[in-house]
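Accompanying notes for the structure given below.
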Amino acid sequence: MTARWGHRIARAASKVAVLGTVALIASVIVAPLVVRANETNIVLPLDIPADIAIARSRPAFGATSVPLAPGQQKLSEALLANYVKRQQELRAVDVTEAGPQPPLSTEMLMGYIARGSLGGGNTALSAIDSFMKPAGPIQQPTVTPDLLAAYVASGYQPTAKRAEVANAERDCLAQAIYHEARGESAAGQLAVANVIVNRARSSKYPSSLCGVIYQGAKNGRYRCQFTFACDGRDDAPGERQAWARSMALAKDVYAEYATGEEIGAVPDNALFYHTTNVRPSWAYTYSRVAEVGSHIFYAPN
C-alpha cells in the first residue's frame, strides 16, 4: 500500500515537472509575440500625402512675389472663397489617421480671421489676397537696342573721353585768352572769351572751342582766325601769373559754355573784334556792338 502510493506520488511529480517545463518554454516563445503586439501601439510619423504637399507648395505671394503691407488687404467674397477652399483642401487629407476632420464652419473661419485682425497684419489673408490679384503690367525696358544705337550715333563718349575733351577745351580757351588779351582787365579778357563761345555756338563756325580757336591754322602763316595760332611762334606761356589768370578764367567760362549759360560780357551775336590801335577793312561791313578795354566788338549785319 505504501509502495503503491509512493509510486503514484512519483508519477504525479514527474507530470508536474513536465508541465512546468512546457510552461517555461511556452512563456519564452510567447513573450516576443507579446512585445511585438505591444509594439503595434507605437505611432510613427507618416509621409506627407501628395495632396497636402501640393497645397502647401503653392506660392505664398502669387505672381507679384511682393507681399502686401499689413492692413492693406481688404476682406472680399473672392478672398474668403479662396481662403475657405484652401482650408478645405488642407483639411481633406487625414495626416494623423485620427479620422475625418470637422467641417470648416463659419465660426471656425471667423476664429481664423480673428487670430490676426485685418488692420493688424493678417499674413494668411495678405498672402491669399496677393495671390488673387492679377499681376501688374510688365515693365518694358527703358533702354532698347535702337535707342542705344541712336544715343551712340548722336555723339556718345565714355566718361574718360569726355574728361579728356573738356581738359583740351579749357586749355585751348586759356591759350586764346593768354595770347589775345593777357594785358587786358578781367572784363576785357572775358569779352574775348565770350566771342569764342559765341562762335562755337554759331552754325557758321566749328562747334568746339578748340575748333574755333585753331580754325585755318594749317592754311599758312597769318591765314587763320586768331593770329597766335598761325604766326609760327612758340605758344608756351612765358608769364606765370598771366597764365594762371587765363586758366582760372577759362575754367569758369568753359563751365558756363558746357551748361549753356550766357557769358554776358558782350552780346551773343558778337563774332568779331580787333584792338583799338588798328582799323581793318572788314570792320566797316559789320555792326559795332561793344567796346571793352582795348578791343572793339562787332556783329554781322
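The values are calculated or read from the model by the stated rules, or taken from the named source; none is laboratory data. Small disclaimer: the values here were computed from a predicted structure and weren't measured. Every residue, glycine among them, receives a Cβ derived from its backbone with ideal geometry; neighbour counts consider all protein chains shown.
Each row is one residue, and each column tells you yes or no for (1) closer than 21 Å to GLU164 by Cβ; (2) in a helix (DSSP H, G or I); (3) within 45 Å of the chain's Cα centre (by Cα); (4) not polar (S, T, N, Q).
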residue	(1), (2), (3), (4)
ALA236	yes, no, no, yes
ALA248	yes, yes, yes, yes
VAL253	yes, yes, yes, yes
TYR257	yes, yes, yes, yes
GLU261	no, no, yes, yes
ALA270	no, no, no, yes
HIS274	no, no, no, yes
ASN277	no, no, no, no
Fill in: Matching residues, the stretch 193-225, being modelled with pLDDT of 95 or more and touching an Asp or Glu at 6+ places or on another chain (Cβ under 7 Å)
ASN198, SER208, LEU209, CYS210
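Quick grid of which residues meet (1) in contact (Cβ under 8 Å) with a residue 60 or more places away in the chain; (2) crowded, with 19+ Cβ neighbours inside 10 Å; (3) within 24 Å of SER294 (Cβ to Cβ):
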| site | (1), (2), (3) |
| --- | --- |
| VAL165 | no, no, no |
| ASP171 | yes, no, no |
| TYR178 | yes, yes, yes |
| SER185 | yes, no, yes |
| VAL197 | yes, yes, yes |
| LYS204 | yes, no, no |
| SER208 | no, no, no |
| VAL212 | no, yes, yes |
Item to complete: Sort out which residues of the stretch 211-234 are under 49 Å from the mean Cα position of the chain (by Cα) and either under 14 Å from ALA176 (Cα atoms) or not assigned by TED's automatic domain parsing to the domain that holds HIS295 (or both), and write them in order of number.
Response: GLY211, VAL212, ILE213, TYR214, GLN215, ALA217, ALA229
Discussion item. I need a count of the residues in the stretch 279-292 that are in a helix (DSSP H, G or I) and surrounded by 14 or more Cβ atoms within 10 Å (Cβ to Cβ).
Written reply: 1
Worksheet item: Taking the stated definitions as given, is ALA242 touching a Phe, Trp or Tyr at 6+ places or on another chain (Cβ under 7 Å) and modelled with pLDDT of 95 or more?
Response: yes
Discussion item. Take LYS251 and tell me if it is of a type in the set (D, E, K, R), surrounded by fewer than 17 Cβ atoms within 10 Å (Cβ to Cβ), in contact (Cβ under 8 Å) with a residue 24 or more places away in the chain and in the same structural domain as ALA168 (by TED's automatic domain parsing).
Written reply: yes
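Rundown of residues vs (1) surrounded by fewer than 13 Cβ atoms within 10 Å (Cβ to Cβ); (2) touching a Lys or Arg at 6+ places or on another chain (Cβ under 9 Å); (3) under 21 Å from LEU173 (Cβ atoms), yes/no style:
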residue	(1), (2), (3)
ARG233	yes, no, yes
LEU271	no, yes, yes
HIS274	no, no, yes
SER294	no, no, yes
Discussion item. Which pairs turn up if I take residues in the stretch 287-301 that are touching a residue at least 40 places away in the same chain (Cβ under 8 Å) and look for partners that are of a type in the set (A, V, I, L, M) with beta carbon separation below 6 Å, at least 6 apart in sequence or on another chain?
Written reply: ALA290/VAL266; VAL292/ALA187; VAL292/ALA191; PHE297/VAL266; PHE297/ALA270; PHE297/VAL289; PHE297/ALA290
